[in-house]
Amino acid sequence: MAITAICPACDETIILNAAPKLDQKIRCTHCRTDLIVVDLDPVELDWDDFEDDWDDDDDWDDEEDDDEEW
(Lines give C-alpha, C1' and ligand atoms only; values in the text may rest on other atoms or scores of the structure.)
Protein backbone atom coordinates (compact mmCIF):
# COMPACT_ATOMS: atom_id res chain seq x y z
CA MET A 1 0.00 0.00 0.00
CA ALA A 2 1.42 3.37 -1.03
CA ILE A 3 1.76 6.13 1.53
CA THR A 4 0.75 9.61 0.47
CA ALA A 5 1.36 13.11 1.75
CA ILE A 6 0.34 16.59 0.63
CA CYS A 7 2.94 19.08 -0.55
CA PRO A 8 2.56 22.32 1.45
CA ALA A 9 3.77 24.37 -1.54
CA CYS A 10 1.52 23.14 -4.35
CA ASP A 11 -1.13 21.08 -2.49
CA GLU A 12 -0.50 18.09 -4.77
CA THR A 13 -0.45 14.53 -3.45
CA ILE A 14 3.00 12.97 -3.20
CA ILE A 15 3.19 9.17 -3.35
CA LEU A 16 5.94 7.76 -1.13
CA ASN A 17 7.18 4.34 -2.21
CA ALA A 18 8.47 3.36 1.23
CA ALA A 19 7.50 4.22 4.78
CA PRO A 20 9.04 7.63 5.49
CA LYS A 21 11.23 8.37 8.47
CA LEU A 22 11.03 11.44 10.67
CA ASP A 23 13.26 14.25 9.29
CA GLN A 24 13.58 12.44 5.95
CA LYS A 25 14.20 14.82 3.06
CA ILE A 26 11.84 14.61 0.09
CA ARG A 27 11.48 16.63 -3.10
CA CYS A 28 7.98 17.22 -4.46
CA THR A 29 7.75 15.62 -7.89
CA HIS A 30 5.19 18.22 -8.97
CA CYS A 31 6.76 21.56 -7.98
CA ARG A 32 10.33 20.44 -7.05
CA THR A 33 10.08 22.03 -3.58
CA ASP A 34 12.49 20.66 -0.95
CA LEU A 35 10.49 19.13 1.91
CA ILE A 36 11.09 17.29 5.16
CA VAL A 37 8.92 14.77 7.02
CA VAL A 38 7.77 16.41 10.27
CA ASP A 39 5.12 13.88 11.38
CA LEU A 40 4.50 10.22 10.64
CA ASP A 41 0.86 9.59 11.59
CA PRO A 42 -0.45 10.98 9.36
CA VAL A 43 2.58 11.80 7.21
CA GLU A 44 3.06 15.56 7.20
CA LEU A 45 5.60 17.49 5.16
CA ASP A 46 7.03 20.95 5.67
CA TRP A 47 9.46 23.15 3.75
CA ASP A 48 13.16 22.33 4.04
CA ASP A 49 16.29 23.89 2.65
CA PHE A 50 18.71 21.23 1.45
CA GLU A 51 21.48 23.86 1.42
CA ASP A 52 21.39 23.87 5.23
CA ASP A 53 23.04 20.44 5.09
CA TRP A 54 26.28 22.00 3.90
CA ASP A 55 28.73 23.42 6.37
CA ASP A 56 28.48 27.16 5.78
CA ASP A 57 30.44 28.04 8.92
CA ASP A 58 33.68 28.29 6.92
CA ASP A 59 32.15 30.88 4.60
CA TRP A 60 30.92 32.91 7.57
CA ASP A 61 34.38 32.80 9.18
CA ASP A 62 35.96 34.05 5.93
CA GLU A 63 33.63 37.04 5.89
CA GLU A 64 34.49 37.87 9.48
CA ASP A 65 38.21 37.64 8.68
CA ASP A 66 37.76 40.09 5.79
CA ASP A 67 36.21 42.63 8.17
CA GLU A 68 39.17 42.43 10.53
CA GLU A 69 41.61 43.49 7.79
CA TRP A 70 39.98 46.91 7.49
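The values are calculated or read from the model by the stated rules, or taken from the named source; none is laboratory data. Just so you know, these numbers come straight off a predicted model, no measurement behind them. Here the Cβ is made from the backbone with ideal geometry for all residues, glycine too, and neighbour counts use every protein chain on show.
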Filter result (surrounded by fewer than 12 Cβ atoms within 10 Å (Cβ to Cβ) and at pLDDT 95 or above) within the range 33-52
Asp46
From the options Asp23, Asp62, residue that is of a type outside the set (A, V, I, L, M, F, W, C), on the phi < 0 side of the Ramachandran plot and either at pLDDT below 95 or assigned to a loop (DSSP other than H, G, I, E, B) (or both)
Asp62
So the check is Cβ under 8 Å with 6+ separation or different chains; which pairs have a first residue in the range 1-25 that's free of Cβ contacts under 8 Å to residues at least 60 places away in the same chain and more than 14 Å from Val37 (Cβ to Cβ) and a second one that's loosely packed, with under 10 Cβ neighbours inside 10 Å and β-branched (Val, Ile, Thr)?
Ala2/Ile15
